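Peer 1: I'd like to ask some things about the structure below.
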Amino acid sequence: MGFPVERPRRLRRSELLRSLVRETDLAAGDLILPLFVVPGRRVRHEIPSMPGQFNLSVDEAVAEAQEAQSLDVPAVILFGIPPVKDAKASGAYDPHGIVQEAASSIKKEVGNMLVVADVCLCEYTDHGHCGVVRGDEIQNDETLDLLARTAVSQAKAGADIVAPSDMMDGRVAAIRKALDAAALEQVPILSYAAKYASGFYGPFREAAQSTPKFGDRRTHQMDPANAREAIREVLLDIEEGADMVMVKPALPYLDVIYRVRQAVNVPVAAYHVSGEYAMLAAAARNGWIDRDRVMMESLVSIRRAGADLIVTYFAKEAARLLQR
Ligand code: PBG
């Protein structure tokens, strides 16, 4: 056939037609909003490299979750910046730690909102690494016990889902076993299964004050050049008990999201990370791109690649546009 019988433009003539044949949709219900929780009361401190995002005290985090809920965003993911950091990351598994307090307050005060707790030690260690360090090596197996304690304490505090982001080998199995032993067998694990050693986490590390004091994260996070290895990582995590798997970052790794979607039958999440947000916010601030348009296009691309869920700093903003 071909032209002139075939004219793809016929289906693009009006918004009604375009929306009738649209292949991918984006809904507020697919989005998870990250929150950075800090000690104190009435603290709302803007993160310099992430304009529009804040370090929030627990009371302010509750208000933020409330607002997200009113926009039909179904979940928040919590990161904590503890008052003190030490070598054992004590703040991560303190029953009254910052994330535990935020999780319990949000569960108490906001109806209809899922709380996801990020499980990692890097925000809680004085050296900024994701695990126990001896010499200059991150100790995998010793770290598992602390991660499992962290996940259990978060779930006891009310977290609905735990999301390990540390990339230690065997953490999903260790966390599953510990949750089950604590009668928390109904708490799902969203594992950051394919998490790359990425420069796009820069602004997050400013927000969470979690930049490693020496070395980097390349001995546990994945090499950006590898895609087959992502499949190996997600399959291992599912075997260990992950209920959902995540790819992170999102836009520079759309091919990985696509491959993971083909390879597994569990829900796939993608994390549209801090650096992706910062780039877009900066260019929009300069008037170089249209913030709303590029935001929506980015989120739709991530869905089109195969992500069911998107963790994004744009969650509220996108949800607001979707309500119109
Ligand atoms: C680790 C963690 C990080 C992010 C989420 N969980 C930082 C890291 O691995 O250094 C990054 C998220 C982002 O950049 O938005 N707790």
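Peer 1: Report the charge-dipole magnitude of the chain in Debye, nearest 20, computed about the Cα centre from +1 at each Lys and Arg Cβ and -1 at each Asp and Glu Cβ. Can you show the working numbers first?
Peer 2: Details: 38 positive and 44 negative charges, 251 e Å.
Dipole magnitude for the chain comes out near 1200 debye.
Peer 1: Find out how many positive minus negative residues lie around residue 23, taking Lys and Arg as positive, Asp and Glu as negative, among other residues whose Cβ is under 12 Å from that of residue 23. Please report the intermediate quantities before stating the final value.
Peer 2: Numbers: positive: 18, 22, 303, 304; negative: 25.
Surrounding charge for residue 23 is +3.
Peer 1: How many nm separate the modelled label positions at residue 288 and residue 20, each set 7 Å beyond the Cα in the direction of the Cβ?
Peer 2: The answer from the label model is 4.0 nm.
Peer 1: Here's a follow-up. Rounded, prolate or oblate: which fits the stretch 24-323, taking a ≥ b ≥ c as square roots of the Cα gyration tensor eigenvalues, rounded meaning a/c under 1.5, else prolate when a/b beats b/c? The partial results should precede the final answer.
Peer 2: Numbers: a/c = 1.31, a/b = 1.14, b/c = 1.15.
Cα axes put the stretch 24-323 in the rounded bin.
Peer 1: Once label points are set 7 Å from the Cα along Cα→Cβ at both residue 169 and residue 262, what is their separation, rounded to one decimal in nm?
Peer 2: 2.7
Peer 1: If amide H atoms are built 1.01 Å from N in the plane of the peptide, which residues on other chains or at least 5 residues away come under 5 Å of the amide H of residue 198?
Peer 2: none
Peer 1: Distance between Cα centroids, the stretch 1-32 to the stretch 149-206: provide it in whole Å.
Peer 2: When both Cα centres are located, 38 Å separates them.
Peer 1: Also, quick follow-up: Hey, with R₀ at 22 Å, roughly what FRET efficiency would residue 232 and residue 137 work out to, going by the Cβ-Cβ distance, to 0.05?
Peer 2: On the way: r = 23 Å, r/R0 = 1.03.
Plugging the Cβ-Cβ distance into 1/(1 + (r/R0)^6) gives 0.45.
Peer 1: Any chance you could run the full-extension gain for residue 67 through residue 84? It's 0.36 nm times the residue separation minus the Cα-Cα distance, nm to one decimal. Don't skip to the answer; put the middle values down first.
Peer 2: Numbers: separation 17, 0.36 × 17 = 6.12 nm, distance 2.94 nm.
Taking 0.36 nm per residue and subtracting the Cα distance, the gain is 3.2 nm.
Peer 1: Can you tell me the relative contact order of the stretch 24-323? Whole percent, Cα pairs under 8 Å, sequence separation 6 or more. Don't skip to the answer; put the middle values down first.
Peer 2: Values: 648 pairs, mean separation 57.7, N = 300.
Here the relative contact order equals 19 percent.
Peer 1: In sequence order, what are the phi-derived ³J(HN,Hα) couplings for the stretch 183-188 according to the Karplus relation 6.51 cos²θ - 1.76 cosθ + 1.60 with θ = phi - 60°, rounded to whole Hz, with x for glycine and proline?
Peer 2: 6, 10, 5, 8, 7, x
Peer 1: How long is the gain from residue 59 to residue 181 if the chain were fully straight, where each residue apart is worth 0.36 nm and the alpha carbon distance is subtracted? Present the calculation step by step, with values, prior to reporting the outcome.
Peer 2: Working: separation 122, 0.36 × 122 = 43.92 nm, distance 3.19 nm.
Length difference between fully extended and current span is 40.7 nm.
Peer 1: Follow-up question, since we're still on this one. Would you mind pulling out the separation of the Cα centroids of the stretch 278-317 and the stretch 79-140, in Å?
Peer 2: Going from one Cα centre to the other spans 28 Å.
Peer 1: Determine, for each peptide in 247-256, 217-226, the mean count of other beta carbons within 10 angstrom over its residues, then list the peptides with the highest first.
Peer 2: On the way: 247-256: 21.9, 217-226: 15.4.
Taking the mean over residues of other Cβ atoms within 10 Å, the ranking is 247-256, 217-226.
Peer 1: A follow-up question, please. Residue farthest toward the positive end of the dipole of the stretch 24-323, with Cβ of Lys/Arg at +1 and Asp/Glu at -1: which of 61, 165, 277?
Peer 2: Toward the positive end, the furthest listed residue is 277.
Peer 1: Using C-alpha positions alone, give me the convex hull volume of the stretch 135-189 per residue in cubic angstrom. Kindly include the intermediate steps, with their values, before the conclusion.
Peer 2: Values: hull volume 4.0 nm³, N = 55.
Each residue corresponds to 72 Å³ of Cα convex hull volume.
Peer 1: By how many degrees, 0 to 90 and rounded to 10, does the Cα axis of helix 274-285 deviate from the longest principal axis of the chain?
Peer 2: 50
Peer 1: Full extension from residue 145 to residue 5: what is 0.36 nm times the residue separation minus their Cα-Cα distance, to one decimal in nm? List each step's numbers first, then the result.
Peer 2: Numbers: separation 140, 0.36 × 140 = 50.40 nm, distance 6.53 nm.
Working it through step by step, the gained length comes to 43.9 nm.
Peer 1: Label points 7 Å out from Cα along the Cβ direction at residue 126 and residue 297: separation in nm?
Peer 2: In this crude spin-label approximation the distance works out to 4.8 nm.
No value in this document is a laboratory result; all are computed from the given coordinates. Computed from a prediction, not measured in an experiment: that's the story for all the values here. Reconstructed Cβ throughout: ideal geometry from the backbone, glycine too, with neighbour counts over all protein chains shown.
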